[in-house]
Amino acid sequence: MRWTQTLIPTLRESPSDAEILSHQLLLRAGIIRKLAAGLYNFMPLGIRSLHKIQKIIREEMDRSGALEILMPALQPPEIWQASGRYEAAADTLFKVNDHSKREWVLGPTHEEVVSTLAAGEINSYRQLPINLYQIQTKFRDEIRPRFGLMRAREFIMKDAYSFDKDDVASMSSYRKMYDTYVRIFRRCGLKAFPVEADAGVMGGKHTHEFVVPADTGECEIAFCDSCGYAANVEKADSALQKTYSQNEASTELFETPGVKTIESLSKPPYSIPASQQIKTLVFIAEDKPVILLLRGDYQLNEAKLAGLLGTVIFRPATDEEVFNLLKAHVGSLGAVGIKQVPVYADLLLEGATDMVTGANKDGFHIRHVNMSRDIPQAQFVSIRTVKNGESCVKCGKPLSIRNAIEVGQVFKLGTKYSVALGACYSDEKGEQKPCVMGCYGIGVTRTLQAVIEQNFDKDGISWPISVAPYHICVTPLNVAPESEPMKWAERYYAELSSAGIEVLLDDRDERPGVKFKDSELIGIPIRLSIGEKSLAKGVVELKRRNGELVALKPEDAVAEAIKWVQEELNKLS
RNA sequence: CGGGGCGUAGCUCAGCCUGGCAGAGCGCUUGCUUUGGGAGCAAGAAGUCGAGAGUUCGAAUCUCUCCGUCCCGACCA
């Protein structure tokens, strides 16, 4: 492609509505343009990279035996009502009306559609296992679209759905997708890795997220550098580090006028460290109150709480509910002597002694609280959010917590959707059984941005060659048709192209500085530049985006460039 | 939905406080010069100052309402 014949609208300055670097580079390199918040046009360079990511995904999905299909983005609301997600996902479902005011849903995902499809087409165990996938545009009414393609209202996703006869077979399908994802991200030049994750509203049990560590990522991951343990903080556990004194003193009420927070009790005149306090929370889970106890220096993990309660329908109790239940206000609550409400305490509190907690009497706390003696009714569970530096559950070394971008997720779904939508098969004995499902997503457009987030420097993007819009940028520094540089450039363009190399010929009549800056900004992995000065010395120059300049005899340049491209491609094959 | 910022040329922004001719740089067009790291000179095109209402002799500027957009929070299949 000749630069003058395509549309690469690079920007010297970055638009003011882009905050994070990868978003700025997407705009500056002319890869995307915004239509509205969370809605983007893909420009010629962008669509080329996107197609390459999609090609890698298709090749690996097909290799795994999955079958590509295409399902409608526009869906009837009835199937969403059948699965129960019409209400459960109401906040993010886009709804539209047709000419007769009938309502439709713009699909944010396709469990309902694929289950309906399977209900009609899969009848026998002989058809199983089967894995159906598509690459398609999804719609989510995000409460807050942000960071360019990271969280958009319309985005491209690869979603796959496996159907198996039982749990064991489903686990094997899951494993196959897990391995496929590892290959896909590696081929995209992305350092992504799987972490244990929380299943959330999807209703599955076994799930991994594939994440790319990045400061701008929206999820937090606990990593162990020593043994490789990695989990979303929603799921992460740590080995317990209990260092409680053996003070057997009896409980004692003391006055704490106006003290309503862990923090204020940790300051003089009380000076009780947060780690020696018991934080008491009251939640209402499906209309029933529960009391949750955490050590004062920890935060509640709501994802774990959902797992414990077996429901996502819970909320903090209102001030009024709290007072009715415990006869005290938030800030003076405790679980000592509470029998009528279930009490769950974080595992870290098991065996704790000499703690301080609220007295259920405004303005008073209790000291010398011994968990096993004074709150014996508590059941110990993991409900805290792991903190940086805690010990790894597997090897005991310190965990570090880092931000990451979630680019994919694999789920073992079970039979929730197959039961709700009738995706059943006849087994060997002729009995009707629901298919055991799995679902597997990759955010294709988000992956594009994640690649940039992981591959840039001060000059711009530095694409892995497998997803670069072009392999090589041929840069003549004089574009007059009869000039020596342009004659060589034309020859290179023709010869490299016929060898199957994707060439961008910068035939713009621009100064060298502009051409170099632009080629580095848009991140083409290899550049072949031809200038009069170097030709006078009998050479042209080949350079990797991140490498040193290599001078070559003009007639050797094509062979060498092909070799470089092959080398780069081989690294990511 | 709560809090905050912003909205003026394609892009980045000044002007607003203290009302009085619509501005700069980059980009774009034309010409000359220049030609190995975002050149120089000259000329030119380019605007519903987000929208509406109000105050005023007069509003980009003051007031109100609305919209858009970005950031923080809540949320995130």
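Could you give the semi-axes, largest first, of the ellipsoid that matches chain A, computed as the square roots of 5 times the alpha carbon gyration tensor eigenvalues and rounded to whole Å?
Working: eigenvalues 582, 201, 93 Å².
Ellipsoid semi-axes (Å, largest first): 54, 32, 22.
With every protein chain present, what is the per residue accessible area of the range A:252-381 (1.4 Å probe, Å²)?
Spelled out: the 1.4 Å probe surface of the range A:252-381, per residue, equals 46 Å².
Distance from the Cα centre of the range A:126-189 to that of the range A:100-120, in angstrom?
What the calculation gives is 17 Å, centre to centre.
Once neighbouring chains are kept in place and the probe is 1.4 Å, which whole percent of the accessible area of chain A is contributed by carbon and sulfur?
Numbers: 13260 of 25790 Å².
About 51 percent, which is the carbon plus sulfur part of the accessible surface.
Just how large is the dipole of the range A:348-392 about the Cα centre, in debye to the nearest 20, putting +1 at every Lys and Arg Cβ and -1 at every Asp and Glu Cβ?
60
Just from its helices, what would the mean residue ellipticity at 222 nm be for chain A, if runs of 4 or more DSSP H residues each count -39500 (n - 2.57) and the sum is divided by every residue, rounded to the nearest 500 deg cm²/dmol? Let's see the in-between values first.
On the way: 16 runs with 158 residues, N = 573.
The per-residue figure over chain A is -8000 deg cm²/dmol.
Among DSSP beta bridges lying fully in the range A:252-381, give the percent that are antiparallel, nearest 5.
70
In the range A:446-490, what GluC sites (Glu not before Pro) fall in a loop by DSSP, with at most 14 other Cβ atoms inside 10 Å?
Sites meeting the loop and neighbour criteria: A:Glu482.
Output the 0 to 90 degree angle, nearest 10, between the alpha-carbon long axis of helix A:557-571 and the longest principal axis computed from the alpha carbons of chain A.
20
Full extension from A:Thr92 to A:Glu78: what is 0.36 nm times the residue separation minus their Cα-Cα distance, to one decimal in nm?
3.4 nm
Using Cα atoms only, what is the angle between the long axis of helix A:484-498 and the major principal axis of chain A, expressed in degrees (0 to 90) to the nearest 10?
Once rounded, the angle reads 60 degrees.
Among A:548-554, A:192-198, how do they line up by average Cβ neighbours within 10 Å per residue, starting with the highest?
Details: A:548-554: 12.9, A:192-198: 21.9.
With the highest mean Cβ count within 10 Å placed first, the list reads A:192-198, A:548-554.
With each pseudo-label sitting 7 Å past Cα toward Cβ, what's the A:Thr251-A:Leu569 distance in nm, one decimal?
Result for the modelled spin labels: 7.3 nm.
By how many nm would the segment from A:Cys395 to A:Arg175 grow when fully extended, if each residue of separation counts as 0.36 nm and the alpha-carbon distance is taken off?
Separation in residues times 0.36 nm, less the Cα-Cα distance, equals 76.8 nm.
Just need the relative contact order of chain A here, percent rounded to a whole number, with Cα pairs under 8 Å and 6+ apart.
Reported relative contact order: 17 percent.
Which of the trypsin sites (Lys or Arg not before Pro) across the range A:78-145 are loop residues per DSSP, with 14 or fewer other Cβ within 10 Å?
When the trypsin sites (Lys or Arg not before Pro) of the range A:78-145 are filtered for loop state and at most 14 Cβ neighbours within 10 Å, A:Lys101, A:Arg102 remain.
With everything on Cα atoms, drop me the angle between helix A:111-121 and the longest principal axis of chain A, reported from 0 to 90° to the nearest 10.
Taking Cα atoms only, the helix is inclined about 80 degrees.
How high is the relative contact order of the range A:283-327? Use alpha-carbon pairs under 8 Å, at least six apart in sequence, and give a whole percent. Could you put the intermediate results ahead of the total?
On the way: 25 pairs, mean separation 22.3, N = 45.
Computed value for the range A:283-327: 50 percent relative contact order.
Hey, can you rank A:454-465, A:259-270 by average C-beta count inside 10 Å, highest first?
A:454-465, A:259-270
Principal axis lengths of the range A:258-365 from Cα atoms, whole Å, largest first?
Per principal axis, max minus min of the Cα coordinates gives 41, 28, 21 Å.
Which order do the peptides A:233-242, A:409-418 come out in when sorted by mean C-beta neighbours inside 10 angstrom, highest first?
The densest-packed peptide leads the list: A:409-418, A:233-242.
Taking the Cα centre of chain A as the origin and placing charges on Cβ (Lys, Arg +1; Asp, Glu -1), which of A:Asn546, A:Ala359, A:Val393 is farthest toward the positive end of the dipole?
Going by the charge dipole, the pick is A:Asn546.
The values are calculated or read from the model by the stated rules, or taken from the named source; none is laboratory data. In this text the structure is predicted, and so the values were computed from the model without any measurement. Positions of Cβ are generated from backbone atoms using ideal geometry, with glycine treated the same way; all protein chains shown enter the neighbour counts. The protein model used for the area step is the full one, side chains on, heavy atoms only, and it has no ligands, DNA or RNA in it. Shrake-Rupley method; radii C 1.70, N 1.55, O 1.52, S 1.80 Å.
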